[in-house]
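Structure, as structure tokens:
The values are calculated or read from the model by the stated rules, or taken from the named source; none is laboratory data. Model, not experiment: these values are computed from the prediction. Cβ placement follows ideal geometry from the backbone for every residue including glycine, while neighbour counts extend to all protein chains displayed. Side chains are part of the model used for accessible areas, which takes the heavy atoms of the whole protein and leaves out ligands, DNA and RNA. Shrake-Rupley method; radii C 1.70, N 1.55, O 1.52, S 1.80 Å.
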Amino acid sequence: MKIVCLGDSITRSFGVKPSCGWLNLVNSQLDCTIINYAIAGDTTNGMLIKFHTQVLKDHPDVLFIMGGGNDLRAGAPATALQTNIVSLVYNARANGIFPIIGLTVPEDHKNLSPEFRKIPVPENIEIEREQYRNWLIEYCKALNVPTIDFYHIFDGKDLKDVYIDGLHPTTESQKLIADEFLRRFKEILN
């Protein structure tokens, strides 16, 4: 089985050694090939471009898609994200690729590092993120697209201990993300 991943810094495991990234941890436990095209800072539009320029060349069995946070941080309208996700899912299915949508981890705005505090974000970003998340859940239910929901894996934990900088999970948190992916991926395959 070949899995190709599209996403942003969360899927890329920004800020930790590559060997400690959650997809590398997953790859060590699954008998498959994982190709990670995620890039820190990528948007859903960038992911759609990568689908056509890179993903199709790899002929994957599964396409894992997780993103949208950078679109929202840049002030993109929700309709743009939704259109790109719909296009990714449609194109994956049209090419015989099984799509899976990742529902990303929350951000810790209270403990953002100074470098991220400098970047202006829309005032209503939390409302936009919640609306986008709810739309993703409903869209995936309606089209029978499986999801892997990472949002609640840090419930009960102090978020300042979960992130390097308020946005990117620590090495220890990468393990929790990998465990949730493996648990849910096995359910999806059965």
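Give the residue, chosen from Phe51, Phe64, that is on the phi < 0 side of the Ramachandran plot and part of a helix (DSSP H, G or I).
On the way: Phe64 fails: part of a helix (DSSP H, G or I).
Exactly one of Phe51, Phe64 is on the phi < 0 side of the Ramachandran plot and part of a helix (DSSP H, G or I), namely Phe51.
Could you grab me the full set of residues in the range 171-181 that are open to solvent by 10 Å² or more (accessible area, probe 1.4 Å) and within 24 Å of Ile101 (Cβ to Cβ)? It would help to see each step written out before you state the result.
As a first pass, look at the range 171-181 and keep what is open to solvent by 10 Å² or more (accessible area, probe 1.4 Å): 171-172, 175-176, 179-180.
Listed by number, the residues that qualify are Lys175, Leu176, Asp179, Glu180.
Answer yes or no as to whether Leu112 is in contact with a Gly (Cβ under 6 Å, 6 or more places away or on another chain), under 19 Å from Asp8 (Cβ atoms) and not hydroxyl-bearing (Ser, Thr, Tyr). Explain how you work it out, then say what you get.
Working: in contact with a Gly (Cβ under 6 Å, 6 or more places away or on another chain): yes; under 19 Å from Asp8 (Cβ atoms): yes; not hydroxyl-bearing (Ser, Thr, Tyr): yes.
Yes; evaluated as a whole, the condition is true for this residue.
Every residue, every condition in (1) among the aromatic types (Phe, Trp, Tyr); (2) more than 11 Å from the chain's Cα centre (by Cα); (3) farther than 18 Å from Lys175 by Cα, yes or no:
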residue: Ile3; (1), (2), (3): no, yes, yes
residue: Thr11; (1), (2), (3): no, no, no
residue: Val16; (1), (2), (3): no, yes, no
residue: Asn24; (1), (2), (3): no, yes, no
residue: Asn27; (1), (2), (3): no, yes, no
residue: Ile34; (1), (2), (3): no, yes, no
residue: Tyr37; (1), (2), (3): yes, yes, yes
residue: Gly41; (1), (2), (3): no, yes, yes
Qualifying residue in the range 88-109 (condition: of a type in the set (Ser, Thr, Tyr), in a helix (DSSP H, G or I), surrounded by 15 or more Cβ atoms within 10 Å (Cβ to Cβ) and in contact (Cβ under 8 Å) with a residue 12 or more places away in the chain): no
